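Read through the structure below, which is laid out as structure tokens, and then see the notes.
No value in this document is a laboratory result; all are computed from the given coordinates. Treat the numbers as computed from the prediction; the structure is a model and nothing was measured. Using ideal geometry, Cβ is built from the backbone for each residue, glycine included, and neighbour counts are taken over all protein chains shown.
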Ligand code: FES
């Protein structure tokens with residue numbers, strides 16, 4: 001039976017009816033408080049209550065349009081006969097949160113789960129955009145398993161400076177390197193601030209935000225075409241309203257995220273991740289989401305699919321264009337149309353139709369932005385998973401965004417104990433680094449940093465930048481921004497903080513990176529490694545209370561998604577919250 005065949009619930013079967021319907025003391029209280037808020041009985045009685053989880057705040061500028069979009073969503077909910085309730089939840093600001101927004105992804109996921117569980121919410125609209133907000137809200141929705149639909153915030157406008165098109169994030173790194181090389185003045189660098197982020201919306205490259213909203217779409221959790229719409233396009237407001245209407249239908253049919261985010265949906269997401277040349281961060285987020293969905297997904301699934309999927313999106317940081325160009329060229333569905341044979345087209349979506357339907361009228365209007373199969377950006381290998389004695393539980397590299405000559409490389413390590421050590425010494429000429437050195441950063445992983453920050457695009461020494469060096473092999477247990485690039489080996493697991501082999505690398509050790517062979521090798525004997533391990537002193541835990549303590553006690557390694565261990569347990573037999 002397809003989801004569209006599902007019978008509608010009677011009003012008395014809605015979860016919210018238990019709060020607002022019966023003639024009893026508790027329901028009297030609930031109804032009277034709705035009236036306190038200014039709503040008459042006819043406005044809410046017998047209607048699905050749709051929670052709008054709004055991740056707006058003044059410090060998450062990517063969501064600057066979300067207050068208006070919440071009104072657009074409400075309009076749609078009212079039109080479809082639902083009752084909207086807007087609920088602010090933690091906005092994860094990629095730019096402002098320290099040590100990193102990733103540290104709080106699980107916090108928002110827990111908040112979303114409990115909001116959906118405790119309130120009389122029959123379905124939810126998840127307002128996401130900036131990097132971690134999409135995976136966090138989906139993780140929460142999966143755990144609560146309340147009908148949900150994502151309203152993607154949309155990328156910001158394209159923008160230019162001195163006649164050159166800019167890309168938020170990616171060009172910050174690029175111009176910072178130019179400044180380090182002495183080729184960009186301080187004044188010019190300051191001028192960039194006025195231009196680099198020119199409208200509401202998330203980063204306009206195929207960074208983590210664009211990647212995760214695209215994956216939400218291909219997994220069936222948004223309306224067709226929603227993720228490619230620029231934030232300021234009038235169609236974005238129309239999409240928000242339509243999302244509200246769709247949420248009402250999801251509530252009546254009681255279509256749960258677990259019925260949409262199936263193994264087929266996850267495979268579609270991984271295939272799409274490769275075809276769009278998406279962010280390495282998506283691997284960590286998809287592993288966490290799969291854990292919540294109780295869907296088995298392994299790192300090897302990413303590598304297997306990577307080896308048979310071409311990169312077709314010619315978008316920065318891998319390619320040339322930005323998200324507004326992608327939208328103009330036909331958007332995600334046009335790209336998916338080109339790889340139909342690699343997708344599970346029967347996978348169903350929140351529109352209660354198979355993915356196939358979304359692709360029917362999709363057309364590529366510019367085949368330099370969205371490449372044809374015969375002319376891909378890369379034939380295969382957007383992302384690669386490596387293993388070896390330096391990363392027994394795996395690590396990740398994005399070959400499509402690295403200098404090709406570095407994908408097979410052997411060089412001596414230069415080791416930095418932590419991020420402050422890196423900042424203090426990287427430009428020290430006495431280190432005498434060459435372009436052949438392998439820069440290694442320790443203590444930057446899920447627990448060591450903590451929060452597995454986006455430090456993985458380790459800086460290249462200024463004196464090498466001045467010599468024209470723009471890429472080197474760099475290895476860490478950190479992540480890197482989806483807008484970053486380079487031969488950066490990331491997510492090394494186990495991380496150095498817990499005594500992974502990365503902790504025992506020393507200056508001068510030879511390291512071999514072999515992307516084709518999927519190998520990362522530290523050329524140190526087992527005996528020598530055992531000696532180093534025996535003299536290793538485990539670092540002191542950085543938190544003894546509060547959220548930090550919970551985080552340190554429960555967070556898994558990168559290859560498992562950095563989620564909280566206890567949230568991957570099967571809670572399907574746990575009782576629903578009682579309202580009495
Ligand atoms: Fe929000 Fe890049 S800072 S998506």
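Some values worked out for this structure:
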quantity: Helix-derived mean residue ellipticity, 222 nm - over the chain, DSSP H n ≥ 4, -39500 (n - 2.57), to 500; calculated: -9500 deg cm²/dmol
quantity: Where only alpha carbons of the chain are counted, the Rg and the Dmax (Å); calculated: 24.1, 80
quantity: DSSP-defined beta bridges in the range 85-196 - what % are antiparallel, rounded to 5; calculated: 40 percent
quantity: Dimensionless Rg ratio for the range 505-546, taking C-alpha atoms and the 2.2 N^0.38 Å reference; calculated: 1.69
quantity: Helix 133-144 vs. the chain, principal-axis angle (Cα, 0 to 90°, nearest 10); calculated: 50 degrees
quantity: The range 492-578 - percent relative contact order, Cα under 8 Å, separation 6 or more; calculated: 22 percent
quantity: The range 431-580: antiparallel DSSP beta bridges as a percent of all, rounded to 5; calculated: 45 percent
quantity: Net lengthening on full extension, residue 431/residue 188 (0.36 nm per residue, minus Cα-Cα); calculated: 84.4 nm
quantity: Angle in degrees between helix 263-275 and the longest Cα principal axis of the chain, rounded to the nearest 10; calculated: 50 degrees
quantity: Length gained when the stretch residue 573-residue 10 is fully extended (0.36 nm per residue, less Cα-Cα span); calculated: 200.2 nm
quantity: Beta bridges by DSSP in the chain, antiparallel share as percent, to the nearest 5; calculated: 40 percent
quantity: Approximate shape of the range 163-309 as ellipsoid semi-axes (Cα gyration tensor, √5λ), whole Å, largest first; calculated: 34, 22, 11
quantity: Per residue Cα convex hull volume in Å³ - calculated over the range 316-447; calculated: 199 Å³
quantity: Least to most buried among 325, 368, 24 (fewest other Cβ within 10 Å first); calculated: 24, 368, 325
quantity: Using alpha-carbon coordinates, inclination of helix 281-293 to the longest axis of the chain, degrees; calculated: 40 degrees
quantity: Listed peptides 34-46, 375-387 by packing density, highest first (mean Cβ within 10 Å); calculated: 375-387, 34-46
quantity: Spherically averaged projected area of the range 206-288 from its Cα convex hull (nm²); calculated: 5.7 nm²
quantity: Calculated Rg and Dmax of the range 199-240 using C-alpha coordinates, Å; calculated: 10.0, 28
quantity: Contact order normalised by residue count of the chain, Cα under 8 Å, 6+ apart, percent; calculated: 13 percent
quantity: Relative compactness, the range 435-580, computed as alpha-carbon Rg over 2.2 N^0.38 Å; calculated: 1.28
quantity: Convex hull of the range 9-140 built on C-alpha atoms - directionally averaged projected area, nm²; calculated: 8.4 nm²
quantity: Computed Kirkwood radius, in angstrom, where 1/r is averaged over Cα pairs of the range 1-65; calculated: 14.6 Å
quantity: Percentage relative contact order, the range 61-152, counting C-alpha pairs under 8 Å, at least six apart; calculated: 28 percent
